[in-house]
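*Asks:* Attaching a single structure in structure tokens format; questions to follow.
The values are calculated or read from the model by the stated rules, or taken from the named source; none is laboratory data. Predicted, not measured: the structure shown is a model, and the values here were computed from it. Here the Cβ is made from the backbone with ideal geometry for all residues, glycine too, and neighbour counts use every protein chain on show.
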Amino acid sequence: MGAHDDLIENLTYDELRPGQRAQAVRTLTLADIQAFALVSGDVNPAHVDAAYAEGTRFHGVIAHGMWAGALISSLLGTEFPGPGTIYLSQSLQFHRPVRVGDTLTVIATVLAKDDTTHNVTLDCQVLNQRGEPVVTGEALVRAPSAKVLRPRVIMPTLHLFDPEARLAAWVQGLVQGPDRGAAVPCAVVHPCDETSLRGALEAAAHGLIVPRLVGPAARLEALARSLGLSLDGITLDDVVHSHAAADRAAALAADGQVAMLMKGSLHTDELMHAVIAEPRLRTGRRLSHVFRFEVPAYPRPLLVTDAAINISPTLADKADILRNAITLAHALGLTLPKVALLSAVETVTPRLQSTLDAAALCKMADRGQISGAVLDGPLAFDNAISAEAAQIKGIHSPVSGAVDILMVPDLESGNMLAKQLDYLAGAASCGVVLGARVPIALTSRADSAASRLASAALAALVAWGQARRGGPAGEAG
């Protein structure tokens, strides 16, 4: 090893002696396995899939000695002998599998030198944390003849992202968590395509909802048969079309027969028109939509509001939109969520209404009219998401780089942001409408069954909170 961590130094052929040795220690992580599989193309499920491995003789095994063998190559190429080494051949035996969490010690020992060729034979061992051999064998290398002492090459950081897996893990944690409630009676409105019907049935299978399908009964039954899905034990409310389904679902919620609505394959405005037209579903708050995103490049869940309901919200509307988002953040376990009020710029500008509204909302928070969160704005998107961008611009913000809620100025900007996160940033999303007496799981007709399941989980979480409180947040009178 070199004298400094930022330098890399080799050992020349003349510096090597029989019996001389070096070692390195590495703990295996799931990210290591995934990266190895991506680079090598080895996607054998016994190596990369824990669920598969548990059903085989490789119980609990999700990697093998090949990864450990790669650690030998790393030691020889970077440290012992190091830069300039030419790897000629190897003979390795793989004795034991490697599991996530195993700590491996790689040891290379000089066995023999050939002064004619400058070839060096090394004994190689990889031991696990119990001292058991994982890999043993020999490697033949041509050692460098010239000394190398140079700065280490700075490699880019490898990020492995699977937002769908993060979303699924959140749903599973919610289902198995100690704070989950009973399955919520839910009217599923016009689930007349595969993804909306599957999403509802999967939510029921996870114990999140007790579905009540509202739509043309014959069409729903035919769809279920074609997909091999069972509707046994599920109540069907037979109505002729999507408008009637929306009206019927709103009436069921108003009558207290269901505690949650779930959008199927109808237009959002059809469902929302029926909800708004039913006075018994109103509370003291305006209705608004909140997305929950798992974004690959962002370390925490991100809420975005409102991208689906309010086209050009007034300041009073925005206050309710923000209160709804804060209510959801609290339900998700964030005691004091950080909110960025977005605009095109970070300075208050009279010609840009969104900056004035952001400043007013911050002052409302100062006066206690909006509570339960830390607000800052106006902030441009980069200043909200990146603490570094804010620092460069001289912005001192308590939310920059740690935002939980992004509040957009209007529906157009919110809708574009949400779809950019989905389709360009590879995010996974779910969404819910708040402000009515019951939460509404609201998704795009293009969303997958997994996204619909997650939206049902989000709405169920809100419904459980309402049941504990005895009513929705902001309920009138």
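*Asks:* Run residue 320 past the list (1) closer than 26 Å to residue 294 by Cα; (2) assigned to a helix (DSSP H, G or I); (3) touching a strand residue (DSSP E or B) at 6+ places or on another chain (Cβ under 6 Å) and report the number of the one that doesn't hold.
*Replies:* In the conditions (1) closer than 26 Å to residue 294 by Cα; (2) assigned to a helix (DSSP H, G or I); (3) touching a strand residue (DSSP E or B) at 6+ places or on another chain (Cβ under 6 Å), residue 320 misses (3) alone.
*Asks:* Name the one entry in 424, 375, 417, 411 that is surrounded by 20 or more Cβ atoms within 10 Å (Cβ to Cβ) and of a type in the set (A, V, I, L, M).
*Replies:* 375
*Asks:* Which of the residues belonging to the stretch 238-272 are within 26 Å of residue 464 (Cα to Cα), among the β-branched types (Val, Ile, Thr) and assigned to a loop (DSSP other than H, G, I, E, B)?
*Replies:* Once the filter is applied, which keeps residues that are within 26 Å of residue 464 (Cα to Cα), among the β-branched types (Val, Ile, Thr) and assigned to a loop (DSSP other than H, G, I, E, B), the stretch 238-272 yields only 258.
*Asks:* What residue, among those in the stretch 93-117 that are touching an Asp or Glu at 6+ places or on another chain (Cβ under 9 Å) and at pLDDT 90 or above, is surrounded by the fewest Cβ atoms within 10 Å (Cβ to Cβ)?
*Replies:* Looking at residues that are touching an Asp or Glu at 6+ places or on another chain (Cβ under 9 Å) and at pLDDT 90 or above, I get 111.
*Asks:* Output the residues belonging to the stretch 6-37 that are touching a helix residue (DSSP H, G or I) at 6+ places or on another chain (Cβ under 8 Å) and part of a strand (DSSP E or B). Break it down into steps so the answer makes sense when it comes.
*Replies:* At the first step, the residues of the stretch 6-37 found to be touching a helix residue (DSSP H, G or I) at 6+ places or on another chain (Cβ under 8 Å) are 8, 22-24, 26, 28, 32-34, 36-37.
Those that are touching a helix residue (DSSP H, G or I) at 6+ places or on another chain (Cβ under 8 Å) and part of a strand (DSSP E or B): 8, 22, 23, 24, 26.
*Asks:* Now for a separate question. The conditions are (1) closer than 20 Å to residue 463 by Cα; (2) over 22 Å from the mean Cα position of the chain (by Cα); (3) crowded, with 23+ Cβ neighbours inside 10 Å, and residue 245 fails exactly one of them. Which is it?
*Replies:* (1)
*Asks:* Looking only at the stretch 368-389, count how many residues are in contact with a Pro (Cβ under 8 Å, 6 or more places away or on another chain) and of a type in the set (D, E, K, R).
*Replies:* 1
*Asks:* Just to be sure I understand, how many residues within the stretch 293-314 are of a type in the set (A, V, I, L, M, F, W, C) and assigned to a loop (DSSP other than H, G, I, E, B)?
*Replies:* Qualifying residue count for the region: 6.
*Asks:* Of all residues in the stretch 357-380, count the ones that are in a helix (DSSP H, G or I) and in contact with a helix residue (DSSP H, G or I) (Cβ under 8 Å, 6 or more places away or on another chain). Working first, answer last.
*Replies:* So the first thing to find is which residues in the stretch 357-380 are in a helix (DSSP H, G or I), and the list is 357-366.
Checking which are in contact with a helix residue (DSSP H, G or I) (Cβ under 8 Å, 6 or more places away or on another chain) leaves us with 357, 360-361, 364.
So the answer is 4.
*Asks:* Right, here's the next one. Cβ-Cβ under 7 Å, sequence separation 6+ or interchain: first residue in the stretch 259-274 and assigned by TED's automatic domain parsing to the domain that holds residue 196, partner surrounded by fewer than 24 Cβ atoms within 10 Å (Cβ to Cβ) and among the charged types (D, E, K, R). Which pairs?
*Replies:* Close Cβ pairs (under 7 Å, with a partner that is surrounded by fewer than 24 Cβ atoms within 10 Å (Cβ to Cβ) and among the charged types (D, E, K, R)) amount to 265/193; 265/445; 274/247.
*Asks:* Taking the residues in the stretch 122-135 that are surrounded by 17 or more Cβ atoms within 10 Å (Cβ to Cβ) and among the polar types (S, T, N, Q) as candidates, determine which candidate is farthest from residue 33 (Cα to Cα). Reasoning before the result, please.
*Replies:* In the first step, residues of the stretch 122-135 are kept if they are surrounded by 17 or more Cβ atoms within 10 Å (Cβ to Cβ); the result is 122, 124-128, 134-135.
If we keep only those that are among the polar types (S, T, N, Q) as well, we get 125, 128.
Values: 125: 20, 128: 16 Å.
Taking the candidates together, the pick is 125.
*Asks:* So if I check each of 419, 338, which one is modelled with pLDDT of 95 or more and either basic (Lys, Arg) or in the same structural domain as residue 325 (by TED's automatic domain parsing) (or both)?
*Replies:* Among 419, 338, only 338 is modelled with pLDDT of 95 or more and either basic (Lys, Arg) or in the same structural domain as residue 325 (by TED's automatic domain parsing) (or both).
*Asks:* Residue 198: touching a residue at least 40 places away in the same chain (Cβ under 8 Å), over 28 Å from the mean Cα position of the chain (by Cα) and over 25 Å from residue 467 (Cβ atoms), yes or no?
*Replies:* No.
*Asks:* Going through 377, 394 one at a time, which residue ends up being farther than 30 Å from residue 449 by Cβ and without any contact (Cβ under 8 Å) to a residue 24 or more places away in the chain?
*Replies:* Just a single option satisfies the conditions, and that option is 394.
*Asks:* In the stretch 202-218, which residues are of a type in the set (A, V, I, L, M), surrounded by fewer than 24 Cβ atoms within 10 Å (Cβ to Cβ) and in contact (Cβ under 8 Å) with a residue 24 or more places away in the chain?
*Replies:* Hits for the stretch 202-218 are 204, 210.
*Asks:* Then there's this: Mind listing whichever residues of the stretch 323-356 are farther than 27 Å from residue 282 by Cβ, touching an Asp or Glu at 6+ places or on another chain (Cβ under 9 Å) and outside any loop (DSSP other than H, G, I, E, B)?
*Replies:* 338, 340, 354, 355
*Asks:* Is it the case that some residue within the stretch 323-343 is in contact (Cβ under 8 Å) with a residue 12 or more places away in the chain and farther than 30 Å from residue 471 by Cα?
*Replies:* So far as the stretch 323-343 goes, yes, one or more of its residues are in contact (Cβ under 8 Å) with a residue 12 or more places away in the chain and farther than 30 Å from residue 471 by Cα.
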